[in-house]
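The values are calculated or read from the model by the stated rules, or taken from the named source; none is laboratory data. Model, not experiment: these values are computed from the prediction. Cβ placement follows ideal geometry from the backbone for every residue including glycine, while neighbour counts extend to all protein chains displayed. Only protein heavy atoms, including side chains, enter the accessible area calculation; ligands, DNA and RNA are left aside. Shrake-Rupley method; radii C 1.70, N 1.55, O 1.52, S 1.80 Å.
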Number of protein chains: 2
Amino acid sequence: MNLVDIYLQLKGDVQYIEKELERAIDTSYDEMYKSSTHLLKAGGKRIRPVFVLLGGKWGNYDIEKLKRVAVPLELIHMATLVHDDVVDDSMTRRGSQTVRAKWDNKVAMYAGDYIFAKALQIASELTNPQIHQILAKAINVMCKGEIEQVRDLYNFDQGLKNYLRRIKRKTALLIAISCQLGAVASDASPDIVRRMFLYGYNVGMAFQITDDILDFTGTEKQLGKPAGSDLRQGNITLPTLYSISVGKDREKLQAWIRDNTLTDHMDEAISLIRKGEGIAYANQLAERYIARACEQLEPLPAGKTKKSLLEIGHYIIGRKF
Amino acid sequence: MNLVDIYLQLKGDVQYIEKELERAIDTSYDEMYKSSTHLLKAGGKRIRPVFVLLGGKWGNYDIEKLKRVAVPLELIHMATLVHDDVVDDSMTRRGSQTVRAKWDNKVAMYAGDYIFAKALQIASELTNPQIHQILAKAINVMCKGEIEQVRDLYNFDQGLKNYLRRIKRKTALLIAISCQLGAVASDASPDIVRRMFLYGYNVGMAFQITDDILDFTGTEKQLGKPAGSDLRQGNITLPTLYSISVGKDREKLQAWIRDNTLTDHMDEAISLIRKGEGIAYANQLAERYIARACEQLEPLPAGKTKKSLLEIGHYIIGRKF
């Protein structure tokens, strides 16, 4: 079974969620419409809704309940992407801060707010207070993660622990609660709810570590942006951290950082990291997280759902983009 | 009875809400802390919490329930202020888009998100689904209002109806649901809940119209920014709309707009609007909204709460800053 089969297995419901996503941000406000549907039309793997549906398979599967979890979670993810883009957008217009450029940023920020608000409105139809509490707490921690990410820009001294906490907040948590809330909304047992959270957390960590590897090893075509974009933007990820602290080229890299000349040697630095030991190290760590995710599933009954969850785990570390 | 007496009457509870607000965004994240507490320390009238408490007086007044409405509503208001400032901030740094400036904007945007998330987390402790639905729907409409405001920048052709819809969404709605949710959280009767919403809506409209008048008539010291800032930033409010369409100086103003030379005549334009008939017209409209707000209270029993609500209405149109 591969990823396509998993989507096929959930086909009708994934399409239903897709329609609900479109309906959620369908609006007559032109500017907003363009900003907020841009991402929707761009597609995406809809990995969070898929996890909600799979989590729901462990209890009384009810798509009407599950959509009120799945749609908000995907919308929250989209809202964070829109906000992440706001300031970068403004950078590309540097030197020409026209009214138009100002609008674009404002509209993008407010479009993010709007998508987020829409997510909450859909979730508010659910009456189970546990769901609201899990969701609200996770959003809270995610926002802290966003701020940490800004704080950690260009910070080459951060340790592995710092990196792991940041990607937990930035990525793993939303995937963890996607799995968890699918199970909660279906009244699965507390043991399964806990296992789904831990499965999602570990898969989410592996997902982000793989993303951070691909940013170095992918081609511009695969990534849709130049390789090494993270480092260029000051986002210090695991391959970089490993290369500058343990890797064989650490002295060269450290010298550039110390002398504040890294920008001048950016292409060379990216090339050193891509060929360095940090990539293999990160790959091993991602595999370890996937192994831990799969461990959580061990006691659960065999069947299509378990098979799908195991398959997704292996897809995540094997993917090329 | 004046405004001070109203605050004195609610004193203990207003202070309690203030403490809860501080606690809500107390965090060890330095950057975020500074961004998000900046506004908190700046104070403010806390008009929304006061309305929640007064709304609560019509039912079974329980400060523990009311704080879970009052604190989120004030935090949501603060989050919108933080986001409104994001792009303006970036404008003042025009030409020097340093990493530092970029951080500031990102941090401010994420700090707004964080304050918003915290609001939701506190509200999520309430189990009444009606409260979540009212809150979520209002936030949704507010976000549309924010986008409309961007869309309407420098649009001199917008009519009165457009202006009124915008300020309804931008300001009046949050005040309306402050009054309403205080009553809902206290299990007041549906008639009172409806009246409190309409009272708050009308007071909110008058509040924003008065704000828009003061932006022209206030001194720089009173406003904390130069008079006419709205127009300078392209925000077309009622005094301007009236002056360019009906006022005695309309032809002069229209010519500047048509010839795209308004910026060159900005000080003169602001002076014409300040001395023009638009101010009196806006004042009359604000008074009419306050009269309508007070009408909603007529059938309600006399007492301290009713007196306070009437007093606040009259304070709002009489205030100087």
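Take the conditions (1) assigned to a loop (DSSP other than H, G, I, E, B); (2) surrounded by 14 or more Cβ atoms within 10 Å (Cβ to Cβ); (3) modelled with pLDDT under 95; A:Phe321 misses just one of them, which is (2).
When each of A:Gln149, A:Gln133 is tested for being at pLDDT 90 or above and either under 17 Å from A:Thr80 (Cβ atoms) or facing chain B (nearest Cβ under 10 Å) (or both), the lone residue that passes is A:Gln133.
The conditions of being at pLDDT 95 or above and closer than 30 Å to A:Leu8 by Cβ are met by A:Glu295.
Scanning the stretch A:298-307 for residues that are closer than 21 Å to A:Gln9 by Cβ and outside any helix (DSSP H, G or I) yields a total of 4. For the stretch B:287-321, filtering for residues that are among the hydrophobic types (A, V, I, L, M, F, W, C) and in contact with a Lys or Arg (Cβ under 7 Å, 6 or more places away or on another chain) leaves 2. Just one of the listed residues (A:Val52, A:Val82, A:Val71) is at pLDDT below 85, surrounded by 17 or more Cβ atoms within 10 Å (Cβ to Cβ), of a type in the set (A, V, I, L, M, F, W, C) and in a helix (DSSP H, G or I), namely A:Val82.
Take the conditions (1) closer than 30 Å to A:Leu53 by Cα; (2) in a helix (DSSP H, G or I); (3) among the charged types (D, E, K, R); A:Asp187 misses just one of them, which is (2). When we screen B:Thr261, B:Thr210 for residues that are in contact (Cβ under 8 Å) with a residue 60 or more places away in the chain and of a type in the set (S, T, N, Q), the only hit is B:Thr210. Looking at the stretch B:194-292, the helices (runs of 4 or more DSSP H) lying wholly inside it that each contain 1 or more residues that are open to solvent by 10 Å² or more (accessible area, probe 1.4 Å) and of a type in the set (A, V, I, L, M, F, W, C) sit at B:220-223, B:238-245, B:250-258, B:266-275.
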